[in-house]
1. Would you mind pulling out the separation of the Cα centroids of region 257-285 and region 109-180, in Å?
2. If the only charges are +1 at each Lys and Arg Cβ and -1 at each Asp and Glu Cβ, what is the size of the charge dipole of region 161-308 around the Cα centre, to the nearest 20 debye?
3. I need K277, K194 ordered by Cβ neighbour count within 10 Å, fewest first.
4. Gain in length, D148 to I76, computed as 0.36 nm per residue apart minus the alpha-carbon separation, to one decimal in nm?
5. Cα gyration tensor of region 161-308, axes a ≥ b ≥ c as square roots of the eigenvalues: rounded (a/c below 1.5), prolate (a/b > b/c) or oblate?
6. Using the count of nearby Cβ atoms within 10 Å as a rough guide to exposure, how do D192, D247, D85, D305 rank from fewest to most?
7. How would R127, R210, R165 line up from fewest to most surrounding beta-carbon atoms within 10 angstrom?
8. If you build a Gaussian network model of the chain, linking Cα atoms that sit under 10 Å apart, which residue out of A205, A150, A75 swings the most?
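Every number here is computed from the coordinates shown, using simple stated rules; none is lab data. On a predicted model such as this, the values are computed, not experimentally measured, just so you know. Cβ sites come from the backbone with ideal geometry, for glycine too, and all protein chains shown count toward neighbours.
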Amino acid sequence: METEQFEITTESGRLDKVISEHFADWSRSQVKNAIEADQIKVNGKTEKPKYAVATGDLIEIQKPDPVAIDVQPEAIPLDIVYEDDDVIVVNKPAGMVVHPSAGHPNHTLVNALLHHSPLSTINGEFRPGIVHRIDKDTSGLLMVAKNDHAHQFLAAQLKAKTNKREYLALVHGIVKNDSGTIDAPIARSPKDRKQMAIVADGRPAITHYRVLERYLHYTLIACRLETGRTHQIRVHMKSIGHPLAGDPLYGPKKTLPGTGQYLHAKELGFTHPTTGKEMLFTVQVPEEFQAMVTKLRHQAGIKQDDHL
């Protein structure tokens, strides 16, 4: 069992909250269980999860040795938009994690895909078939490789920026310009390990956006990605003063109700790895997203009844 210590400098709040924010792979419930198992001490003493940490407190954590994850196929329903011998295009629901990890060992998209079909092996045991990812609470299109040839071919397109990925997003505020490009490097935030941030020596990241509709306090935009950094749209839109509505990590506390950020991977295009044919797929936003747009249109007096 590994022991780690850190001193509270600027954080404040409940002990379980501070630790779950400090260790991105630990949930609040995991932290609570560790506290109750005497694996977490404050200044050498065991405290309750609700203990209010203060500057100067020394936190000592005994982290259990990692447990191997056995990725099992699970009979979870899939919304498959297209499938052949090489590729699956799936419409992932918001709330589903793409692949297993320490915090999410099962009930992921990969568990469901493994029950449905053989997948490529290039990305190893925990990410079979996964060429690119979208966040847990982001809905929409993903391309999945069923064999290694397809995986290499699709991954090369991502690297060369020749495939098409377009997202719809609801953001806070009224976006002034009808379109724009955000070119800002992204890396893990030096202040918060759970977040990504614009960092000078981060990896290049480019997002193109255009305004679709403006409401009273929100704007509906389309975003086209040139790169695929973790949380890219969420970080980039926050950087220009328009964080995503409903975003629990990068948005304000006062936001639109829902299950997470209003972000949907609506369009996906790529060259087929065997036929060379240009493939293009589009899916409508989930009902929750559509209902919120309808509500915002009504409040703003916009008479449109189309489905996004």
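1. Result: 8 Å between the Cα centres.
2. 460
3. Listing K277, K194 from fewest to most nearby Cβ atoms yields K277, K194.
4. Extra length available between D148 and I76 comes to 23.5 nm.
5. Since a/c reaches 1.5 but b/c is at least a/b, the shape of region 161-308 is classed as oblate.
6. Lowest count first: D305, D85, D192, D247.
7. Fewest to most other Cβ atoms nearby, the residues stand as R210, R127, R165.
8. Of A205, A150, A75, the most mobile in the Gaussian network model is A75.
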